[in-house]
Amino acid sequence: MPAHLKVIPTNDSSTTIYNSKLKETYHSINGAITESIHVYINAGLKYFYIKNNGNKIKILEIGLGTGLNVILSVQKIMQLKNTLIHFTSLEPFPLAQNIIKQLNYLSFIEKKLIPIFNKIHSSSFENNIELLENFILKKTMKKIENFSSKEKYDIIFFDAFAPSKQPEIWKIENLKKLYKLMKSKSILVTYCASGQFKRTLKEVGFDVEVLEGPPGKKEIVRASK
Ligand SMILES: C[S@@+](CC[C@H](N)C(=O)[O-])C[C@H]1O[C@@H](n2cnc3c(N)ncnc32)[C@H](O)[C@@H]1O
């Protein structure tokens, strides 16, 4: 395992990864799974599904990381019937298998999802991978800065490291690009609710909603096109 990465527990007893080079964790230390469900599954996927009566949903994630948002989305989709998910996730720095194996998410998800979690990490990049009949994942090693697509997306999971750690990811050029890649009435969800970020979103043209955050975080953001 690279010396700068360490698997650590969070307050809901699910694990996350600490990156000592950035001095940053992949999730909230107040609860990794709790945060993912609150921000991306409930404020993102479930909200959009209900508002749009299911149908096809295209998701773009900035930062696959541990694959937690993907597996929780798969779990949700097994409950929400009649939809087809295309989930594209960007990850320029994939985690090694020996780190993935130390994460304890398998004890939090339904047993039948265990092979699917393993498939998320063992499958190749740049290809469509069928995780379920109605859930297709495409992992790409592109950075947000270099990403382009003919696809248009319904939901963006903006799950990059914090603006204080990786300011280049949060810059207006990237958000303008994402805006163009989004369908009308689509949404972007993220754990970050900093004043500067909200101003940037508004400057790009988003409607910005501030929602209650998960434990340890006052607010999160859902931005609509
Ligand atoms: C906060 S972590 C991701 C958390 C992830 N969604 C999860 O559930 O584990 C941020 C991720 O963004 C990735 N990343 C770093 N630079 C990036 C870039 N320029 N474009 C896209 N992703 C990037 C990192 O490698 C890391 O996996």
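Can you tell me the dipole magnitude for region 1-75 around its Cα centre, using point charges on the Cβ only (Lys, Arg +1; Asp, Glu -1), in Debye to the nearest 20?
So the dipole magnitude of region 1-75 works out to roughly 220 debye.
Across region 215-225, in residue order, what do the Karplus-derived ³J(HN,Hα) couplings come to in whole Hz, using 6.51 cos²θ - 1.76 cosθ + 1.60 with θ = phi - 60° and x for Gly and Pro?
Karplus values, whole Hz, x for Gly and Pro: x, x, 9, 5, 9, 10, 10, 10, 10, 10, 8.
Please report, to one decimal in angstroms, the Kirkwood hydrodynamic radius of region 118-163 built from all distinct Cα-Cα pairs.
Kirkwood hydrodynamic radius for region 118-163: 12.6 Å.
Can you work out ³J(HN,Hα) from phi for every residue in region 137-149, in order, using Karplus 6.51 cos²θ - 1.76 cosθ + 1.60 and θ = phi - 60°, giving whole Hz and x for Gly and Pro?
Residue by residue, region 137-149 yields 10, 10, 8, 9, 7, 6, 7, 4, 4, 10, 7, 9, 7 Hz.
With θ taken as phi - 60° and the coefficients 6.51, -1.76 and 1.60, list the Karplus ³J(HN,Hα) couplings across region 83-92 in order, rounded to whole Hz; mark glycine and proline as x.
Running phi through 6.51 cos²θ - 1.76 cosθ + 1.60 with θ = phi - 60° gives 9, 10, 10, 10, 10, 9, 10, 8, 8, x Hz.
Compute the separation of the alpha-carbon centres of region 13-29 and region 181-205 and state it in Å as a whole number.
24 Å
Say we join alpha carbon atoms closer than 10 Å with springs in a Gaussian network model of the chain; which of Ala162, Ala193, Ala96 then has the biggest fluctuation?
Looking only at Ala162, Ala193, Ala96, the biggest GNM fluctuation is shown by Ala96.
With springs only between Cα atoms under 10 Å apart, run a GNM on the chain and tell me which of Thr15, Thr200, Thr190 wobbles the most.
Of Thr15, Thr200, Thr190, the Gaussian network model singles out Thr200 as fluctuating most.
Quantify how much of the Cα-Cα distance distribution of region 7-69 extends past 15 Å, in percent.
57 percent
Most exposed first by the Cβ proxy, i.e. fewest other Cβ within 10 Å, how do Met78, Met182 rank?
Neighbour counts put them in this order, fewest first: Met78, Met182.
How charged is the neighbourhood of Gly63? Take every other residue with its Cβ under 9 Å from the Cβ of Gly63, and add Lys/Arg as +1 and Asp/Glu as -1.
Neighbourhood net charge equals -3.
Over the Cα atoms of region 79-160, what Rg and Dmax result, in angstrom?
Gyration radius and largest Cα-Cα distance of region 79-160: 13.8, 38 Å.
As an exercise, identify the trypsin sites (Lys or Arg not before Pro) in region 96-161 lying in DSSP coil whose Cβ has no more than 14 other Cβ atoms within 10 Å.
Counting only loop positions with at most 14 other Cβ atoms within 10 Å, the trypsin sites (Lys or Arg not before Pro) in region 96-161 are Lys101, Lys150, Lys152.
What per residue convex hull volume, in Å³, comes out for the chain when only alpha-carbon positions are used?
Spread over its residues, the Cα hull of the chain gives 114 Å³ apiece.
Under the definition of Cα pairs under 8 Å and six or more residues apart, what whole-number percent is the relative contact order of the chain?
Computed value for the chain: 20 percent relative contact order.
Compare Ile187, Ile50, Ile77 in a GNM of the chain, Cα atoms joined below 10 Å, and give the one with the largest fluctuation.
Ile50
Throughout, read-outs are computed from the coordinates displayed, never taken from laboratory work. All values reported here derive from a predicted model rather than from experimental measurement. Every residue, glycine among them, receives a Cβ derived from its backbone with ideal geometry; neighbour counts consider all protein chains shown.
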